[in-house]
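See structure below.
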Amino acid sequence: MTRPPTMLDVARAAGVSRSTVSRVFQNDGERVSADTLVAVHEAATRLGYVHNLVASGLAQRHGRQLGLLVRDATNPAYGHLLAETNRAVERAGRTLISVTASRHDYGTAEVTGLRRLLGQRVAGVFVGTGVTAAEDLVETVTTVPMMILGRPNDHPQIESVSYDERAHGRRMAEEVAARGHRRIIVLSAPLLYSRVFDLRIRSLVERCGELGIATLPVDLLPVEQGVVRALDTAREQGASCIACPVDYVALDLLRAAAERGVRIPEDVSTLGFDGLGDGLDLVGLATLRLPVEEVVSRAVERMEELLVLAQEDREGPLAEAPTPARHSLVEGTFLPGRTLGSAPAHLRA
């Protein structure tokens, strides 16, 4: 062997994973069986592997913190994401540092937040926002493992565990079709406002087209005016349902409808996305609940693997080519509610 042996070499020789070897040497064999401990130590002795105690000590002092960038924690979806990530990170024996970007910022505060997290010497970063492009994230964070959390992503250099928003939009279109709606309003926003909103609505519109449902776009922004425009357009154009890209918009629409004497769902139905706010069941909002717990659990588990790989990089040259970035999608659950009713008979034609 022309180079010093690494954890990867020991793992191969012992027939175990790199993360198992890491636990043997960095965590005193925590959660490792006696037989595996013996196999790893025998392989290490045979190969002449010597664990880097200095690097390990630095990792233990500075590598227990992970960072999370979220957007607008007042939005229940982001607040829930923050809470679940904190719990999952604590279960992994680490601590979480979070930075929140403004709901109305179009990317600059997110980049600044990422740099602030790096300044805290975090071992890895989760990005749970819907605005900054993946290409900009790559340029901002290059020294520690980074994962996009929640929002869809296919960038070849950034790992992600995401909500399957394309499937969510299509599912909601099918629920609308099942209730006889043939002409609906879709509230849409610019891509820079939210990539997630854009994907949801585009997927819903695509599936509606396949199902023979006409979709009439209405500008969402500003929200207080957008929901009024949607109600007026539905009345003028004979639309029987209004699709909102997120629950808080649907709730604003319900308020506007109540002020104008518009009955939901008798006059017009509505639906939202996220399904995470308290009291939605009491309101009876039809929505799509995001699988936050599963997404976070998978992401933290994968981050642990990425941190092992990063440690391996620091110890010496890798014996194999870098693994391509993984992109996982998790589909949520439709929550039926009174706000999505059957289309009135006169609007089904």
Original post:
Going by the structure shown, is L276 in a strand (DSSP E or B) and within 27 Å of S328 (Cβ to Cβ)?
Top reply: no
Original post:
So, of the residues in segment 199-208 that are touching a Gly at 6+ places or on another chain (Cβ under 9 Å) and not basic (K, R), which turns out to be farthest from C244 (Cα to Cα)?
Top reply: E206
**OP:** Please state which one of R71, R91, R103 is open to solvent by 40 Å² or more (accessible area, probe 1.4 Å) and at pLDDT 75 or above.
**Re:** R91
**OP:** Identify the single condition in (1) crowded, with 21+ Cβ neighbours inside 10 Å; (2) without any contact (Cβ under 8 Å) to a residue 24 or more places away in the chain; (3) of a type in the set (D, E) that D232 does not satisfy, given that it satisfies every other one.
**Re:** (1)
**OP:** For residues that are within 29 Å of the chain's Cα centre (by Cα), not in a strand (DSSP E or B) and not charged (D, E, K, R), scanning just segment 223-245, find the one that is nearest to A258 (Cα to Cα).
**Re:** V227
**OP:** Please work out which one of (1) open to solvent by 20 Å² or more (accessible area, probe 1.4 Å); (2) at pLDDT 90 or above; (3) over 13 Å from the mean Cα position of the chain (by Cα) is the condition V111 fails and give its number.
**Re:** (2)
Original post:
Say we look at segment 135-151 and pick out the residues that are crowded, with 21+ Cβ neighbours inside 10 Å and in contact with a His (Cβ under 9 Å, 6 or more places away or on another chain); which of these is nearest to L309 (Cα to Cα)?
Top reply: I148
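A quick yes/no check of all residues on (1) at pLDDT below 90; (2) open to solvent by 70 Å² or more (accessible area, probe 1.4 Å); (3) not aromatic (F, W, Y):
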site	(1), (2), (3)
L276	no, no, yes
E294	no, yes, yes
E304	no, no, yes
E312	yes, no, yes
L329	no, yes, yes
T333	no, yes, yes
A349	yes, yes, yes
**OP:** Could you list all residues from segment 7-19 that are under 15 Å from Y49 (Cα atoms), modelled with pLDDT under 85 and not hydrophobic (A, V, I, L, M, F, W, C)?
**Re:** R18
Subject >> First in segment 70-93 and part of a helix (DSSP H, G or I), second anywhere and among the small types (G, A, S) and modelled with pLDDT of 95 or more, Cβ under 7 Å, 6 or more apart >> reply: A88/S297
Original post:
Considering segment 167-207 alone, what residues qualify as being in contact (Cβ under 8 Å) with a residue 60 or more places away in the chain, part of a helix (DSSP H, G or I), of a type outside the set (A, V, I, L, M, F, W, C) and open to solvent by 20 Å² or more (accessible area, probe 1.4 Å)?
Top reply: R171, E175, R195
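The values are calculated or read from the model by the stated rules, or taken from the named source; none is laboratory data. This structure is a prediction, so every number in the text was calculated from the model and none was measured. We place every Cβ from the backbone using ideal geometry, glycine too, and count neighbours over all the protein chains shown. Side chains included, ligands, DNA and RNA excluded: accessible areas come from the protein's heavy atoms. Shrake-Rupley method; radii C 1.70, N 1.55, O 1.52, S 1.80 Å.
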